[in-house]
Amino acid sequence: FIRRVGWDERLVNESYPWVEKQIIHQPKLAQWQGAFKDSLLDVGVSPYNGFTYDHIHGTKVGGTLFDRFGRRHTAAELLASANPKMLTVLVYATVQKVLFDQTGRRPMATGVIFKDENGNQHQAFLTNNRRSEVILSCGAIGTPQMLMLSGIGPKAELDKLNISMVLRNEFVGKGMADNPMNSVFVPTNRPVEQSLIQTVGITKMGVYIESSSGFGQTQDSIRCHHGILSAEIGQLSTIPPKQRTPEAIQAFIKRKQDLPHEAFRGGFILEKIARPISTGHLNLVNTNIDDNPSVTFNYFHHPHDLQRCVDGIRMAAKVIQSKHFTNFTRCDKPTVEKLLNMSVKANINLIPKHTNDTKSLEQFCKDTVITIWHYHGGCHVGKVVDPDLKVLGTNRLRIVDGSTFNESPGTNPQGTVLMMGRYMGVKILRRRLGKAAHV
């Protein structure tokens, strides 16, 4: 990935440890994860690479934001390394748009309008130093939305909402992609400890196999939220916004009570497609930055993506039926069809289901696809930003986030997105002070 995006490999390798040392930890492997690890190796996802941050083929244990006490560490803690005299953080400020001076040959960012916790609007301006700049880090969905609301984007998109055009760029909001995730539920005859993704199988067929466990410990817990797979907390992004009604969510919650308790007492095996070919687009719904835009990812639009999903589900089924997993779950060896039917019924998106058609893995993939929140694209290098991530056709405006990616790096892009800030900051500073500058 680093070579494909043209980054300085040496500087990248200096920037990653800077993040890792401050907020990343080695997880204590849960029993479920241990059985999952042995099963991956059993079905040929080898070699075992142990605990590592490196993205290499085989089975590994990755880093986690949770420390040994179960406390979650966030990117905000990286601020501890900053010079407080050089930094002001407005915790409850929400940027509304970027401001531009359009009197010159190219529009120049001059500051932003932001809203405070009381809803009052303010303006923040750059200094007269020509090196001062506005840096957008709103994410793959927020950044193209922010650009368009600020007047940079496709003409038709701006015209339909009467947004004054600052710079026409037909590529803003285009090439949006998300890594499809499909999961197979695994019932157990006993409660298992909760575990987020710790072990991962990085296959050579372009699919990552991961697992999580312990959604609930009692029969009552089936009425509760279940994290990554909960409709109640908004895991409905695979369907059109108008269909994500409160009534539809309540109907799912009611149906969920009829599901086997074992489905939530155990866990699930998921597959995530690496580097999906299918892409979509982002469109504004209105001019309110607080309202989500409309995003179409076109999951499985390209047949190669669908085939890789099928391959991933087949691999997940082999893992589930491995002796290591069946010995741990203490369940009879279930048929693949039975597991898939349970998974279709328990899936939390609102796509119409084909519960009698699970022999078709293609249909299973289409019915059960959900997001793993690894959105990327919308402000690609060479189309919206240059190789230094400066917005093309403007001055003093840069983007540093996943909207510039053509792919989501690694099994989880979080580490790379965190690293980007350090990388770009050091790169810019060294360019100004000389390559020998130590940061």
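Evaluation of ILE24 against the conditions (1) of a type outside the set (Phe, Trp, Tyr); (2) closer than 30 Å to ARG398 by Cβ; (3) open to solvent by 90 Å² or more (accessible area, probe 1.4 Å) shows that the sole unmet condition is (3).
Whenever a residue of the stretch 309-330 is outside the structural domain of TYR208 (by the TED database) and part of a helix (DSSP H, G or I), it has no partner that is surrounded by fewer than 17 Cβ atoms within 10 Å (Cβ to Cβ) and aliphatic (A, V, I, L, M) lying with C-beta atoms less than 9 angstrom away and at least six residues away or across chains. The residues of the stretch 165-188 that are open to solvent by 10 Å² or more (accessible area, probe 1.4 Å) and within 30 Å of VAL200 (Cβ to Cβ), listed by number, are GLY175, PRO187.
For the stretch 100-129, the tally of residues that are of a type outside the set (A, V, I, L, M), in contact with a Leu (Cβ under 6 Å, 6 or more places away or on another chain) and either in a loop (DSSP other than H, G, I, E, B) or open to solvent by less than 30 Å² (accessible area, probe 1.4 Å) (or both) stands at 2.
Counting the residues of the stretch 143-159 that are surrounded by 13 or more Cβ atoms within 10 Å (Cβ to Cβ) and without any contact (Cβ under 8 Å) to a residue 24 or more places away in the chain gives 3. Kindly evaluate ASN162 against the criterion of being on the phi > 0 side of the Ramachandran plot and open to solvent by 40 Å² or more (accessible area, probe 1.4 Å). Answer is yes for this residue.
Checking each residue in the stretch 17-53 for being closer than 27 Å to GLN321 by Cα, in contact with a Gly (Cβ under 6 Å, 6 or more places away or on another chain) and assigned to a loop (DSSP other than H, G, I, E, B) picks out VAL45, SER46, PRO47. Of all residues being in a loop (DSSP other than H, G, I, E, B) and acidic (Asp, Glu) in the stretch 287-308, which is surrounded by the most Cβ atoms within 10 Å (Cβ to Cβ)? Just the residue, please. Out of the qualifying residues, it is ASP291.
Looking only at the stretch 402-434, residues that are modelled with pLDDT under 85 and surrounded by 18 or more Cβ atoms within 10 Å (Cβ to Cβ) come to 0 in all. Just so you know, in the stretch 43-72 the residues that are polar (S, T, N, Q) and touching a residue at least 12 places away in the same chain (Cβ under 8 Å) include one that is surrounded by the fewest Cβ atoms within 10 Å (Cβ to Cβ), and it is SER46. Right, GLU170: part of a loop (DSSP other than H, G, I, E, B), over 20 Å from the mean Cα position of the chain (by Cα), of a type in the set (Asp, Glu) and at pLDDT below 95 or not? Against the criterion (part of a loop (DSSP other than H, G, I, E, B), over 20 Å from the mean Cα position of the chain (by Cα), of a type in the set (Asp, Glu) and at pLDDT below 95), GLU170 does not qualify.
The values are calculated or read from the model by the stated rules, or taken from the named source; none is laboratory data. Fair warning: this is a prediction, and the values are worked out from it, not measured in the lab. Positions of Cβ are generated from backbone atoms using ideal geometry, with glycine treated the same way; all protein chains shown enter the neighbour counts. The accessibility values were calculated without ligands, DNA or RNA, using every heavy atom of the protein model including side chains. Shrake-Rupley method; radii C 1.70, N 1.55, O 1.52, S 1.80 Å.
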